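Data first, discussion second: the structure below is written as structure tokens.
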Amino acid sequence: MVKVTFVAADGSETSVEGEEGASVMQTAVANDVEGIVGECGGSMMCATCHCYVDDAWISKTGERQHDEDDMLEGAASEVRETSRLSCQIKLDQSLDGLVVHLPDEQF
Ligand code: FES
């Protein structure tokens, strides 16, 4: 299992365990983490899984892809350097302890 901590816009933290191979979005939805909707189920069609990767983890999650850039243009909240679609971050042991921050809105 891979531990992921979600930090809401108000600073509250929720830590959950995700399965290797699952995406950060799937892990949030499976654990009822508020702030990640994942409306399209992970097919890069909605941007309701927008998150900000914590600075300490950005080198491990890698850079966002061109397709993510396109989709994030329609995101409800400000897009930053650390913005990712959480459905595109797949969990493996190198991400154990991952911290992501949640935007204040997804719609
Ligand atoms: S779940 Fe829709 S873009 Fe990630």
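Readers should treat all values here as calculations from the given coordinates under stated rules, not as data from a laboratory. Since the model is a prediction, treat every value here as computed from it, not as a measurement. Backbone-built Cβ (ideal geometry, glycine too); neighbour counts: all protein chains shown.
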#### Entry: Magnitude of the charge dipole, the chain, Cβ model with Lys/Arg +1 and Asp/Glu -1, debye to 20
220
### Message
What is the sum of charges, Lys and Arg at +1 and Asp and Glu at -1, for the other residues whose Cβ falls under 13 Å from the Cβ of VAL2?
### Response
-2
### Taking the stretch 2-101 and dividing mean pair separation by its residue count, relative contact order in percent (alpha carbons under 8 Å, at least six apart)
40
## Note on the structure
One finds, for ASP96 and ASP70 with R0 = 30 angstrom and r their Cβ-Cβ distance, a FRET efficiency to the nearest 0.05 of 0.50
### Message
Can you pull out the GluC sites (Glu not before Pro) in the stretch 42-107 whose DSSP state is coil and whose Cβ has at most 13 other Cβ atoms within 10 Å?
### Response
GLU63, GLU73, GLU78, GLU81, GLU105
#### Entry: Structure-based [θ]222 nm, the chain - -39500 (n - 2.57) summed over DSSP H runs of at least 4, per residue, nearest 500
-4000 deg cm²/dmol
### Message
For a quick size check, give me the Cα extents of the chain along its three principal axes, largest first, whole Å.
### Response
32, 27, 25
